[in-house]
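Just below is one structure, and these are the notes that go with it.
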Protein chains: 2
Amino acid sequence: MARDNSVLIGKKTVMNYVLACISLFHAGENEVFVKARCRAISRAVNVVEVTRRRFMPDLKIHEIGISTDQLASFQEGGALSNVITIEITLEVNQKNTTLKGSTATTPLIQGGQETE
Amino acid sequence: MARDNSVLIGKKTVMNYVLACISLFHAGENEVFVKARCRAISRAVNVVEVTRRRFMPDLKIHEIGISTDQLASFQEGGALSNVITIEITLEVNQKNTTLKGSTATTPLIQGGQETE
């Protein structure tokens, strides 16, 4: 279902997800999808803004989509309920990527995946 | 600051703001701006989805923008704090729509509610 370069926003603190986004870009992704449902939507917007303003100034918001999913509720015997979702597509031009406060040779991810 | 065709999302229930959006379109607006800050962002998305799915199927989301405002806090002696915002631009194609203030009655909503 979820693509490899997706960050699903849940109940953790904002910086957890910010780090996840930065790690994906450092692993060589050009696009990252930030997805959230219901109340986590505000946090998704926060994650994007913190990532962009504090760490990756050349990050672009390519697209923002909102929609409604219908989910079957376990508690109510499978009754369908409507759940709002947001998907924010971030993209960065890898050639010019800079990360504020880091040296160029430092991999962010433990295990040292190579960026291209 | 706020344009006349803006709906600012606060702490009221979703249906309050849905009604506000529908009223603006009924008054002849082609575009409505739904704006929210911080935790109200999720509610803004909910307002848009409810308006579109339940009341105005031909409503289009023209644009979604997110940004960060810097606001001076009264409590902390004017210290600046970052506040995330969303602005969702809704538009409806009103081919048969009359201009604002005219007396012709045109049903804007499928299902046949009439404008005044």
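Laboratory data are not the source of any read-out in this text; all were calculated from the coordinates shown. Treat the numbers as computed from the prediction; the structure is a model and nothing was measured. No Cβ is skipped: glycine too gets one built from the backbone with ideal geometry, and neighbour counts run over all protein chains shown.
Give a quick list of chymotrypsin sites (Phe, Trp or Tyr not before Pro) in the range B:1-79 that DSSP marks as loop, anything other than H, G, I, E or B, with at most 12 other Cβ atoms within 10 Å.
B:74
Given A:35/B:11; A:11/B:60; A:12/A:35; B:12/B:35; A:60/B:11, which pairs have Cα atoms separated by over 20 Å?
A:35/B:11; A:11/B:60; A:60/B:11
Stretch residue B:87-residue B:39 to full length: gain in nm at 0.36 nm per residue minus the Cα-Cα span?
Full extension from residue B:87 to residue B:39 adds 15.9 nm.
How would you classify the range A:1-41 from its alpha-carbon gyration tensor, with a ≥ b ≥ c the square roots of the eigenvalues: rounded for a/c under 1.5, else prolate if a/b is greater than b/c, otherwise oblate?
Oblate, because a/c is 1.5 or more while a/b does not exceed b/c.
In nm, one decimal, shortest first: how far is the label point of residue A:76 (7 Å from Cα along Cα to beta carbon) from the matching points in the other copies?
Nearest to farthest, the other copies are at 3.9 nm.
Treat each spin label as a single point 7 Å out from the Cα along the C-beta direction, and report the residue A:69 to residue B:19 distance in nm.
Placing both labels 7 Å along Cα→Cβ, they lie 3.2 nm apart.
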